[in-house]
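Below is one structure; the comments refer to it alone.
The values are calculated or read from the model by the stated rules, or taken from the named source; none is laboratory data. Fair warning: this is a prediction, and the values are worked out from it, not measured in the lab. Here the Cβ is made from the backbone with ideal geometry for all residues, glycine too, and neighbour counts use every protein chain on show. Each accessible area value is taken on the protein alone, full model and side chains, heavy atoms only, with ligands, DNA and RNA left out. Shrake-Rupley method; radii C 1.70, N 1.55, O 1.52, S 1.80 Å.
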Amino acid sequence: AQSVTQLDSHVSVSEGTPVLLRCNYSSSYSPSLFWYVQHPNKGLQLLLKYTSAATLVKGINGFEAEFKKSETSFHLTKPSAHMSDAAEYFCVVSDQRAAGNKLTFGGGTRVLVKP
Amino acid sequence: KAGVTQTPRYLIKTRGQQVTLSCSPISGHRSVSWYQQTPGQGLQFLFEYFSETQRNKGNFPGRFSGRQFSNSRSEMNVSTLELGDSALYLCASSLVFRAGVGYNEQFFGPGTRLTVL
């Protein structure tokens, strides 16, 4: 079985300051890990993905995440927050061994960006 | 390429009714997955269809069902609606996935917001 825990349900940052969203996962096998973003009344957009290649993954809009197997973590960071980053972010795990697609989502972190 | 489309975008139903939601995947994508999003339970996997066959299933009651057509379009059906079925239903499509090869990115549609009164 696999699971994901997002350690903060809400994060508030000032525009121009760094953003850190924390995620821990549990997976019995080789996981694929993702971060998705959801803006209000919109679908989910993939920010970045880890699939056992480089442990530091760069995504869109200046986001990056580091896969740390020893800590079972996949934290998302951005050096400088922008107002448009205000949204809900989901950390997601999938089992690479399994045929088919089944994503397990974390509870989400809602990001507020203050001017 | 057009993205994943879902129809309708909004639905209002009453308890006991049934509802059918539709999803058209990105052209060339043969896998379609459905997810339910609620404030209390978050995002939960419903089921996945590939080549007109259900390949994975989440932990939902039998009132939730789906199907996929030969053109990869998918529908999900919820019978005997309950108040707790009010949610945003998201559909996602991806290219063929094979175990051990790596993960194919899932592309999500905008969702259908279902309200059960």
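Quick look at the values:
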item	result
Point-charge dipole on Cβ atoms (K/R +1, D/E -1) for the protein assembly as shown, about Cα centre, debye to 20	400
Selection from A:GLY62, B:GLN18, A:THR109 lying farthest towards where the dipole of the protein assembly as shown points positive, charges on Cβ	B:GLN18
All-pairs alpha carbon distance profile, the protein assembly as shown, 5 Å steps from 0, percent	1, 7, 14, 18, 19, 17, 12, 7, 3, 1, 0
Length gained when the stretch A:LYS58-A:SER30 is fully extended (0.36 nm per residue, less Cα-Cα span)	8.1 nm
For chain B: relative contact order, % (alpha-carbon pairs under 8 angstrom, 6 or more apart)	36
Stokes-Einstein translational diffusion, chain A - Kirkwood Rh over all Cα pairs, 1.567 mPa s, 4 °C, in µm²/s	91
Per-residue SASA entry for A:HIS82, accessible area with 1.4 Å probe, Å² rounded to 10	90
Karplus-derived 3J(HN,Hα), 6.51/-1.76/1.60, for each residue of segment A:68-73, Hz, glycine and proline x	10, 5, 5, 9, 6, 10
Surface/4 estimate of mean projected area, convex hull on alpha-carbon atoms of segment A:49-115, nm²	5.5
Phi to ³J(HN,Hα) by Karplus 6.51 cos²θ - 1.76 cosθ + 1.60 over segment B:28-42, Hz, x for Gly, Pro	x, 7, 10, 9, 10, 10, 10, 9, 10, 10, 10, x, x, 9, x
Cα-derived Rg over Rh, computed across segment B:16-79 with Rh taken as Kirkwood radius	0.97
Per-residue average of Cβ from other chains inside 10 Å of B:38-46	3
Net charge dipole size for segment B:25-117 [Lys, Arg +1 and Asp, Glu -1 on Cβ; Debye, nearest 20]	180
Partners for A:LYS58 among lysines (Cα-Cα distance below 22 Å; same-chain residues under 8 apart left out)	A:LYS49, A:LYS68, A:LYS69, A:LYS78
Hits among lysines - C-alpha to C-alpha of B:LYS1 under 19 Å, sequence gap 8 or more where chains match	A:LYS42
Over chain B: Kirkwood hydrodynamic radius from C-alpha pairwise inverse distances, Å	14.3
Zero-based 10 Å bins, Cα pair distances in segment A:56-95, whole percents	24, 54, 20, 2
